[in-house]
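Taking it in order: structure first as structure tokens, then the write-up.
Derivation of every value follows stated rules applied to the coordinates shown; laboratory data play no part. These numbers come from a predicted model, not from an experiment. FYI the Cβ positions are ideal-geometry reconstructions off the backbone, even for glycines, and counts take in every protein chain you see.
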Amino acid sequence: MTPTIQTLLADARKRLEETCDSPQLDAELLLAHVIGKDRSYFYTWPEHAPQRRLVLHYEDLLQRRLRGEPVAHILGEREFWSLRLMVTADTLIPRPETELLVELALELIEKHQPPASILDLGTGSGALALALALELPNTQITATDLSEAALEIARKNALRHGLMNIRFAQGNWYAALQQNERYDLIVSNPPYIPEQDPHLETAELRYEPHQALASGPEGLDAINHILNDLDRHLSPGGWLLIEHGYDQGPQVQTLFRRIGLLDVRCQQDLEGRDRITLGRKGFDSA
């Protein structure tokens, strides 16, 4: 007898409890993908029994999740800022806490006249650039990444959502830009995990690109690189916003102040952890 939705979900949740933090959600997302229905369908028709071929397909996906493969990779997409974004093993999976970076950027740019120019360094799947492009259709955004494979995913995501105000450029951080390019706002979610951090060996992180996660012995190499060449590419009065690890706030603020940025502060995420450091370049800077 073919199992019902209720039975499938209960069994999947129980099996996933030991391997992931969100067993119910993961079980529902995978089943919704398999049967082509919204998750609300499960609560309306819990006694529905999917076709056997769908049950077998669900089991295949469940096995991949039990081995540690992220749900986003299994489904091939992740939602960020109401946008469904294609993700692959070539891109970092967008995290909900990164939406705070979008919120802060929008607050800073809201009153800017004329429309500001924005740079997203290390765009990956394009999450930050696309969210800002969606909210600021009259603003030109440049998104860079060292990985051409990641940029191809970002381009596809922009095309998928009809966002045409983004220019993509391949290169290592500022190397993708012309020497005289300056921006009113620079945002980045760079790699910031220390190279020897044991979290890099967890099941899910092993599926994501190492270069998008780890950055030197203290996790600060990429951030230092961004800061070292910042003056050349941030306009006077412009803002820099960088996401970092929950325990890196004091260090990153010190680095910001060391290069002369003003109004430096750290913004906490919804769980009360340091998440974004921002600072402004003075108007008297060349």
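Below 19 Å, Cα to Cα, which aspartates and glutamates can Lys281 reach? Residues fewer than 8 away in the same chain don't count. Within reach: Glu107, Glu110, Asp120, Glu181, Asp184, Asp229, Asp231, Glu243, Asp263. Sum up the charges of everything whose Cβ sits under 11 Å from the Cβ of Asp269, counting Lys and Arg as +1 and Asp and Glu as -1, but leave Asp269 out. Taking every Cβ under 11 Å from that of Asp269, the sum is -3. Helical runs assigned H by DSSP (4 residues or longer) give the chain a calculated mean residue ellipticity at 222 nm of -10500 deg cm²/dmol, each run adding -39500 (n - 2.57) before division by the residue total. The Cα center of segment 1-65 and the Cα center of segment 115-172 differ in position by 34 Å. For the pair Glu79 and Asp60, label points projected 7 Å from Cα toward Cβ lie 2.6 nm apart.
For the chain, the relative contact order works out to 14 percent when only alpha carbon pairs closer than 8 Å and six or more residues apart are counted. Restricting to bridges with both residues inside the chain, how much of the DSSP beta-bridge set is antiparallel, in percent to the nearest 5? Counting DSSP beta bridges with both partners in the chain, the antiparallel share is about 40 percent.
Annotation: Cα Rg of the chain relative to the compact-globule expectation 2.2 N^0.38 Å equals 1.11. Inter-label distance, Leu106 to Arg206: 3.8 nm, where each label sits 7 Å from its Cα along the C-beta direction. Other residues whose C-beta falls under 12 angstrom from the C-beta of Pro3 contribute a net charge of -2, scoring Lys and Arg +1 and Asp and Glu -1. Of the residues Ile109, Ile259, Ile118, which exhibits the maximal mean-square fluctuation in a Gaussian network model of the chain defined by a 10 Å Cα contact cut-off? Largest GNM mean-square fluctuation: Ile259. First measure r as the distance between the Cβ atoms of Ala149 and Gln178, then evaluate 1/(1 + (r/R0)^6) with R0 = 22 Å and state the FRET efficiency to the nearest 0.05. So the FRET efficiency works out to roughly 0.40. Karplus-derived 3J(HN,Hα) values for segment 37-50, using 6.51 cos²θ - 1.76 cosθ + 1.60 with θ = phi - 60°, are 10, 6, 4, 4, 4, 5, 7, 8, 10, x, 8, 5, 10, x Hz; glycine and proline are entered as x.
For Tyr183, the residues 5 or more places off, or on other chains, whose built amide H falls under 5 Å of its own are Leu234, Ser235.
Within segment 69-96, name every residue whose backbone N is under 12 Å away from a label modeled 7 Å from Cα of Glu135 along the Cβ vector. Correct set: 81-82. Its Cα centre serving as origin, segment 88-280 has a Cβ charge dipole (Lys and Arg +1, Asp and Glu -1) of approximately 600 debye. All other residues whose Cβ lies under 14 angstrom from that of Gly249 are scored, Lys and Arg at +1 and Asp and Glu at -1, for a net of -3.
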